[in-house]
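Presented below is the structure to which this report refers.
Read-outs throughout are calculated quantities, based only on the coordinates presented, and are distinct from any laboratory measurement. Fair warning: this is a prediction, and the values are worked out from it, not measured in the lab. Note: ideal-geometry Cβ built from the backbone for every residue, glycine included; neighbour counts use all protein chains shown.
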Amino acid sequence: MPLLKRIAELYEEPSNDLFRREFNGWQNALFYAMPIVSLYSFFPIQDRVHRYGDQAKRLGLLFVHGSSTTDSPSEAGGTTPTADNNRPLRLALAGVLERDARICIVMSTAGPTEYTRIVPRAVINLEKRALDSILRLTGRFVDKNFRSYVRTTIEILQSLGDRPWNFLTLGNDICELFRRGMVGFKPSHVAAERDKNGRVTTYQAAFSFHWLGRNCIEGDDMATPDDHSFDEMLSPWEGFPDARVDGLTCNINACRAHDGRLIYLACDGRDQAQMMLSMLALRWIAGSVWYLAGASGLAPGEVTGSDGSSRYDSGGSG
């Protein structure tokens, strides 16, 4: 795509901050995933190209691993939170228990489950300037009205604490894949159950479960926006799922069997169903970039090496 090549060139051009930038797989994934109308809305403003591109990796780390750095995850996507001395959290988890009854929402089976935040506390706890910055980036993927709604929803979590609509009940296998960005939940619509007289009895958040897997990209490697790099982003890694992934012990084939499944979760009103969908939208945006950049499969604290292996990075967020 000619526009993406021009954006890559502009990203690498020197600017007043005297910081030399290299266009890598993270920027390639971010701008490839972004709607073309959004790309045209800020190109050729170099400051915005730099601002958005610089946050590509951090976007994934925040929403998938629950951390702004690769070595100090504050809350992985699959970590069950602790409710000690936290009344809003206790009430939220009680609501999730009543809604899901400890049944995995994907597998529809009882057993070991975890309550998983859709949007991690690492995002909700960001100071205003950092939150504004990351929401401006995610806002490039959605329309203006939705941007405002997302901000309002985040502010509710900031001021009132945890709410059931920011939690999913996942079996251990699904949870393990979710915290590595190998599966995702794509928001669909608000559904309504009606009685025989046509009156709405329950509003539900409807969304679909998707297997993402891994591709052939190493996000930290330099990249050129061309057909070859796009094919690699969209091509599954041939060695997976047979190849070994450090720490991944779940039943992958059983999880993949549910790819595309539509899920309905009851909510206390239409507004809460919409709030859940807005949180799912943020996670889906970040998860898509995470997958396209080749980070799927990495546990909190891991980054990809040039040889395709996983390693721990003691540096910053990139």
| query | For the chain, modelled as a Gaussian network with Cα springs under 10 Å, which listed residue fluctuates most, Gly181, Gly139, Gly294? | reply | Gly139
| Counting other C-beta atoms within 10 Å, which of Met222, Met279 has the fewest, and how do the rest follow? | Met222, Met279
| field | Overall dimensions of the chain by Cα: Rg and Dmax, Å | value | 19.5, 67
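Would you mind ranking Ser15, Ser229 so that the residue whose beta carbon has the fewest other beta carbons within 10 Å leads the list? Present the calculation step by step, with values, prior to reporting the outcome.
Working: Ser15 15, Ser229 19.
Lowest to highest Cβ neighbour count: Ser15, Ser229.
Between Asp143 and Ala191, what FRET efficiency follows from the Cβ-Cβ distance if R0 is 25 Å, with the result rounded to 0.05? Before the final figure, lay out the partial values.
Details: r = 21 Å, r/R0 = 0.85.
It comes to 0.70.
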| note | Most exposed first, judged by fewest Cβ atoms within 10 angstrom, Ser108, Ser296 run Ser108, Ser296
| Ile103 versus Tyr40, label points 7 Å from Cα toward the beta carbon: distance in nm? | 4.7 nm
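Rounded to the nearest 500, what is the chain's calculated 222 nm mean residue ellipticity when only DSSP H runs of at least 4 contribute -39500 (n - 2.57) each, over all residues? Kindly include the intermediate steps, with their values, before the conclusion.
Details: 13 runs with 131 residues, N = 318.
Computed ellipticity for the chain at 222 nm equals -12000 deg cm²/dmol.
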